[in-house]
Every structure is written in structure tokens, then in C-alpha cells.
1. Give just the number: which of (1) open to solvent by 50 Å² or more (accessible area, probe 1.4 Å); (2) part of a loop (DSSP other than H, G, I, E, B) does residue C:182 not satisfy?
2. I'm trying to understand the selection: among the residues of the range B:241-277, which are small (Gly, Ala, Ser) and in a loop (DSSP other than H, G, I, E, B)?
3. Could you tell me whether the range B:270-278 includes any residue that is among the hydroxyl-bearing types (Ser, Thr, Tyr), at pLDDT 95 or above and over 20 Å from residue C:78 (Cα atoms)?
4. Contact list please: Cβ distance under 8 Å, first residue in the range B:23-49 and without any contact (Cβ under 8 Å) to a residue 60 or more places away in the chain and in a loop (DSSP other than H, G, I, E, B), second residue among the polar types (S, T, N, Q) and open to solvent by less than 20 Å² (accessible area, probe 1.4 Å), pairs at least six apart or on different chains.
5. Check B:89, B:78 and return the single one that is at pLDDT 95 or above and basic (Lys, Arg).
6. Could you grab me the full set of residues in the range A:260-281 that are small (Gly, Ala, Ser) and open to solvent by 30 Å² or more (accessible area, probe 1.4 Å)?
7. Evaluate the range C:189-199: report whether one residue or more is closer than 30 Å to residue A:143 by Cα, modelled with pLDDT of 95 or more, touching a Phe, Trp or Tyr at 6+ places or on another chain (Cβ under 7 Å) and away from every other protein chain (no Cβ under 14 Å).
Amino acid sequence: MDPVLTFTSDFGLHDSYVGQVKGVLASCVPGIRIVDITHQVDAGNLAAGSFALAGAYTYFPAGTLHLVVIDPGVGTERDILYIESTSCRFVGPDNGVLAEAAEAAGAARIHALDLERFTGALRDTFAGNPVVEQLLREPSTTFHGRDLFAPLCGYLLAGGDPGRVTRPKKNMHKLDLPVPEHKPGRTTGQVVYVDGFGNLVTNIPAGWVDPRSEVFIVSGGHVRSVGTLQHTYGSVERGETLALIGSRGLLEIGVNGGSAASVLSAGYGDGVLIIAETERS
Amino acid sequence: MDPVLTFTSDFGLHDSYVGQVKGVLASCVPGIRIVDITHQVDAGNLAAGSFALAGAYTYFPAGTLHLVVIDPGVGTERDILYIESTSCRFVGPDNGVLAEAAEAAGAARIHALDLERFTGALRDTFAGNPVVEQLLREPSTTFHGRDLFAPLCGYLLAGGDPGRVTRPKKNMHKLDLPVPEHKPGRTTGQVVYVDGFGNLVTNIPAGWVDPRSEVFIVSGGHVRSVGTLQHTYGSVERGETLALIGSRGLLEIGVNGGSAASVLSAGYGDGVLIIAETERS
Amino acid sequence: MDPVLTFTSDFGLHDSYVGQVKGVLASCVPGIRIVDITHQVDAGNLAAGSFALAGAYTYFPAGTLHLVVIDPGVGTERDILYIESTSCRFVGPDNGVLAEAAEAAGAARIHALDLERFTGALRDTFAGNPVVEQLLREPSTTFHGRDLFAPLCGYLLAGGDPGRVTRPKKNMHKLDLPVPEHKPGRTTGQVVYVDGFGNLVTNIPAGWVDPRSEVFIVSGGHVRSVGTLQHTYGSVERGETLALIGSRGLLEIGVNGGSAASVLSAGYGDGVLIIAETERS
């Protein structure tokens, strides 16, 4: 059975861009199984794209190829990456969007596409394929998702040798993400993602949160308590705020049946503070 | 060929939640065919989720498994249901969202997940599957769609015995939906769904609507006639309101080329009145 | 392997309409591979639907069947078309939405559905199929996408003879789209599509644009220069407007890291002017 390809982008679903990429993929690999992670990452938001990928890749079968096209530098000199990890593979631009997931996946071997050799390999592998021939004839400077990333994934999933079209690369770009701090009695972190329900996801891991500690959100100059850790949304009354460990294993601030982002007027980058029971007096 | 699974949720498409669930499903059942019904049910809106499912399940092949994750009570004591009907199967929370479809599908046999036996069955069935092992190791309290519903569907579609992981259950929760009334000369009902075009779908079945009767909408203290039954949108001028039998076999109020919800400032729960020709004087 | 079907509509993703159509397709052709182009075409916008299809169909494998359901005249007398071109096939309403793609695909042979013969052929081909039998029993007047287009695609992909259910037709409706003009030193065109990023796509082909010419946008009574042709978004500073050749091979006006539609308050139908270097003094 052909491996699974996941597809994450900031293309949105209003235009035909996602469909064009899938057309190229289906033209290269007839039996391909494509699963969308999301295409509604805010345009060019690398942190949100990284968060989506890093939270999802781990739920896919071994061998899955994860394609990410959040590529504000399309057509400039940035590399196109192919990364092999222990259990899965990644394709995307070298702008940091792949780094968190690729590092978490373990033992990442980083490669950069060699455009000239890739063009030759495509010609050989897909000789007579009218879709690939069209891409080779008229590549765009603004849609590498369709014209380079998709045929690269097609080439790899069709069994093409990665070594033929890439060169090894030592490092990849990483995002400058906020880093939480864990000190005795006092932990600080940030809201790193706001989901569609309005839950405020922080970068504080579950292991850092003592159930008796009090959680505060710092936003717009205000510091507000959201109480101690709860089990689930239904542990508080409808409309009330709460702190809990979310499905990503991170501290989240939510509202039962509502949006914490709205209720607390809080969002990406806002501070979160945890004060141990022993420190409060 | 593997059976079809349909997937309905209120997750939206902005986050990676839908992708995570599909990853688990693909990890359990490589050849699975997943069809999205919708993921844009308003957060926690059980009536809208029920409407979406009940209107769609009937168009799928026999044996289809319908997964619904609209689950505001996630992590609380509510049961997780597995329902077998004559032609298809359902998995979802016991909060009423499955009831309308499951009853319409006929001869529903209701079962509740037995969490302890389910955990054991998962360990046996998917021994060595890293995705399932990860779920068993770190289940969340807020995302049962990924951590319980998806592996349950995977277990069932992989041929697992439902009896091993569930216990029979007499009843399921039902939604307290508005009920239309059909009296000689006068029928009353409610708007039970507003679709993306702004059509106002009522709970009045086609068989109750005499073509010569006049249809009224009652909203915001106003009673407005939308005339007698028309054949289709194009039967009236652009921008005009009309009453017609929609694709669900229910009375709908629409606007040709526009949104009845906007034009009439009407929405969910508003009253609809049908007065027979003989009653008007 | 079963052929690919692409699906373009204005149904949106909020309701279950897309899912209902896919259910019928899966009921007719178990192994069907469906790729969504987009379902977020603005309601009834034939020009936008035509643009989506014409920009995407060319990236799909030979033999692909392209289904388009943007059908404001549903239930009226308009024909349902089946078009065969050199490399692919189309199904949709005869309202112009298919014309641009079908003509570009070459050698289009146009057919109209013969409803009576189609009904008979469905009964034969899908005898015992409960989904098709339900459609035949209770066809709607407002959802031909589900009740006629989908089973027609199912019939064709299941190997049914097109000649049995259609009659040849000389012409199809075409859209009255704006036409660009190319004169020595001066080219005029229009914005024909605004994509989800806010890029203004024009109807001026790449071959008409001399790299030294200056590009102007005319909107709201203002004429503004966007400079000469750039290579890609990153060729200008963030927030700056630019002219470039987009992924469709057409002149586009964009903003690096932003929305040209917002920055320039411009949209569909606005004028675009290209003045050759030799004409500026």
C-alpha cells in the first residue's frame, strides 16, 4: 500500500491552490493517500504552521511523508528541505516551519533539493507524464508548492532515490519561539497557540504543573487568576475559565462552552504564570 | 474493500484536530476511506450536528460507520456509544447527537464502550502499532475524538468484535428538539437549521404542505407571508423570498440568489405557520 | 485503478451538502478517488467557479472527470452537460461555468443529459443499490448536485456508456467575461479574481507584459502605479505592492506579506493598465 502524505499549508480553502497541488501528487502517484492537517494556517505564520505539524505528525503511520507549504520566501534563495527521521519524512521550505517536528521525530537527516539534478530526475522518472512535463516547461516563481514540492513528494513516494536529487545539509533554520522557564515555586511561559475554540495553549509542559499551583494569565497589563488545574472542561460551570492539561500535553487555559481568547481578551504571546501553593500566603 | 467512515465534528478546519483523528484512523486501518460530512458545526451545537448527520447518513453505502465528535461533555461521565442499525453503524458520545439518525436508520441496537475491556482489546489488536501504543500511554481528558473514538472506529473497521469492548444499553440520550404540529387548516413548525446559503430549513415535512396553503414566518415579533409553495428557487424573481420543499424533504424558506436568514432577519427556532386556502378569507 | 473525480462547488463546508454528494459517488463507485478543488466559491459566482476550474483541471491525470456544481438555476430548464475533451471530461450545468476549461482542454464534444433515458440507465446499472433507488424515488428540485450530477458521474465512472444517457449538443453557454486589450505601447485588462491572500489576478497573459513596462491599477477613481514587473514577492520589501507573473501565467498585483486587495482597496473588475517604457516620458 502506498504511504500516506500529510499536507499542511496556509493556502486556505477558498482558491484552487490545494486542489492543484493534489492534482500533481495524484498525477505522480496514482494510489496516493493524502490527509490534510490544515490549510488555514494564517498566511505566512510559521509558528502556527510549526505548531500544527508538531502536534499532528506523531499520530500518523510509520513512513508517512509530511508536506508543509508555508513559504513566504517562495522564489527567493531559501532551500527546499527533505528530512528523514526515524519514523517519518518531511518536505518543506528551510524557514523553520519543519524544525520543531523534525527534531522531535528524532535523528533527523537534513537534505536540500538540488534543483538541477531534480529536474533531470523528474524528466527520467515521469517521462510521458503530461502534468510533470507541463511543470518542467512552465515553472512559476510564486507557487513552488505545486511546481517543486509536490513533484518532489511524488518522486519520493514513487520510489525515487532521495540521494539523486538532494545534497546533505548540516543545519536547518529554526524558529525563534518563546521559551518557558521553570524555577522552584514559579513557572513562566507564553500562549503559543490559540485554537479554533478559543483555547489558549501555552508552552508549559504538563510535568511542570503541580495540581495545587495557581495559574495566572498576563495580558493587556492585567494579571488574572484562572485557578488551579482542573480535570476537563466540564469540571467547572459553563462560561467559567479554567486551567487544564490539553490534548498536546501542554497547559491550556479554556472556558467551559466558550472562548478563553474572547473572555480573557488574550492571545498569542501573552504571559502565563504558575505560582506554587507554598509561595502564596 | 474497506468500509467507508464518515466524520462529523465541531473541530473546524483551522487547527490540526481533524488531521490528528484521521492519522489515528489511518494508523489502525491502512485502506480506510474517510468522507467528511462537515467539521464546521458550531462548537457544541448538538442540534446542528444531529441535523447534519441525519440528512447525510442515508446517502452512504451499506455498512458505513458514521463517527460524530461533538462532545462538549468530553472527559465527564457520559457514555461513548456504538450503535448498529439495519444498514449502518454509528460511534459518538451519548449526548443526543446520534439519536435522530440512529432512530431513522432503524432497529438501532445501542452499546456503550467498556473502557477497561476496550483498553485490553486495543493492546491485543494493535500490538506493536506505535500510534495506538502512544494513545494508550498518554490519553488526554479533552480529546476523546482522537484518543478513544478514533481507535474504537479503527478497532471496529479492522474487524474487531464489538461485543468484546462494549455492553448493551437500553436507551440513549435524545435531544429536546422542537416538534411541529399538523392540525386541519393550520400547521405550525420551527426553523431547525440555517444552511450556508441562508436557507431556513423547517421541521415541517413535505407531506404536510398543501401547495395552495400560504406560508408565514414569525420572527422578531413580525409575521410575514412568503406566499404559496414554489417549485424551485428560479420560480421567483432574483431577491424574492419563497417557500419550497428542500432537498431534505422539509419545508424551506429561501431567497432566489440570496440569503433568507439575512433578508428576513430570521434564524434557528423562529416559528413557521401554514394556513390552508380554506381558512383564509 | 479508478479514475479521479475533482469536485468544485459553492456549497461551502458548513453544511452536509458536500458530504451527501460524496456519499452518492462512493455508493456508485466504491474505489472512487475524489479531490476537492474548492467548495468556497461565492454562492452562484460563475466567473469565480470558472476561474477555479480552468486553473486547476490541467494538473490532474488524463481521464479525470471534473464535476462542477455552481448551479443557481437548479430545477429550471437549463441543460446538464457532459463534455469530453482530449484529455479529460466535465460534468456540470449549462450556465457557462464549464466553458473556459472545456475550451482550453481542446476538442470539446458537448452532450446534454437526457433525463428520461438517464433514469432508465440508472435503474439498470445500479439495480439493488439502495442509495440510487432512494434518489430515483425522491429526487429534489433544489439539489441536482446530489440527485442528478453525482449519479451521472457515478454512472460514467462505473463504465456506463455516455451515449445511452445524453444527446449531442452543438453549443454551450459561455460567460460574458471581460476581455483584455493588447495595443502597441498600451495594454488594458481587468482584475478577474481575488485570491485568499488578497492577490489581484488579472486577465493579462505573461506574454503581453514587457518587463520594463509600468503597471497601473485603476480602482475607485484612482490610478496608482505598482511599478515594473518583479520576479517574486520577496523581490520587494514587506508591505510593498508589486506586479508579477502569477502561478496561472497571468499578471498579478500583490503585496509582499500582505493583501493587495486591502492595501489598494481593489477587487474584481477593477482596471489594470500597462504602459510601455517608450510611451512614458
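1. The single condition residue C:182 does not satisfy is (2).
2. Within the range B:241-277, the first condition is being small (Gly, Ala, Ser), and the residues that meet it are B:243, B:246-247, B:249, B:254, B:257-262, B:265-267, B:269, B:271, B:276.
Answer for the range B:241-277, where residues must be small (Gly, Ala, Ser) and in a loop (DSSP other than H, G, I, E, B): B:246, B:247, B:249, B:257, B:259, B:265, B:266, B:267, B:269, B:276.
3. Filtering the range B:270-278 for residues among the hydroxyl-bearing types (Ser, Thr, Tyr) gives B:278.
Add one more test, that the residue is at pLDDT 95 or above, and what stays is none.
Looking for residues that are among the hydroxyl-bearing types (Ser, Thr, Tyr), at pLDDT 95 or above and over 20 Å from residue C:78 (Cα atoms), one finds none in the range B:270-278, hence no.
4. Partner pairs satisfying both residue conditions: B:39/B:8; B:39/B:9; B:41/B:8; B:41/B:9.
5. On the way: B:78 fails: at pLDDT 95 or above.
Only one candidate passes the filter, namely B:89.
6. A:262, A:265, A:269, A:281
7. Among the residues of the range C:189-199, at least one is closer than 30 Å to residue A:143 by Cα, modelled with pLDDT of 95 or more, touching a Phe, Trp or Tyr at 6+ places or on another chain (Cβ under 7 Å) and away from every other protein chain (no Cβ under 14 Å), which makes the answer yes.
Residues checked against (1) within 18 Å of the chain's Cα centre (by Cα); (2) crowded, with 21+ Cβ neighbours inside 10 Å; (3) away from chain C (no Cβ under 11 Å):
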| site | (1), (2), (3) |
| --- | --- |
| A:1 | no, no, yes |
| A:8 | yes, yes, yes |
| A:14 | no, no, no |
| A:41 | yes, yes, yes |
| A:63 | yes, no, yes |
| A:82 | yes, yes, yes |
| A:87 | yes, no, yes |
| A:92 | yes, yes, yes |
| A:116 | no, no, yes |
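The values are calculated or read from the model by the stated rules, or taken from the named source; none is laboratory data. Everything numeric here is computed off the predicted structure, so don't read it as measured data. Ideal geometry is used to build each Cβ from the backbone, glycine not excepted, and the neighbour counts take in all protein chains shown. What goes into the accessible areas is simple: the full protein's heavy atoms, side chains included, and nothing from ligands, DNA or RNA. Shrake-Rupley method; radii C 1.70, N 1.55, O 1.52, S 1.80 Å.
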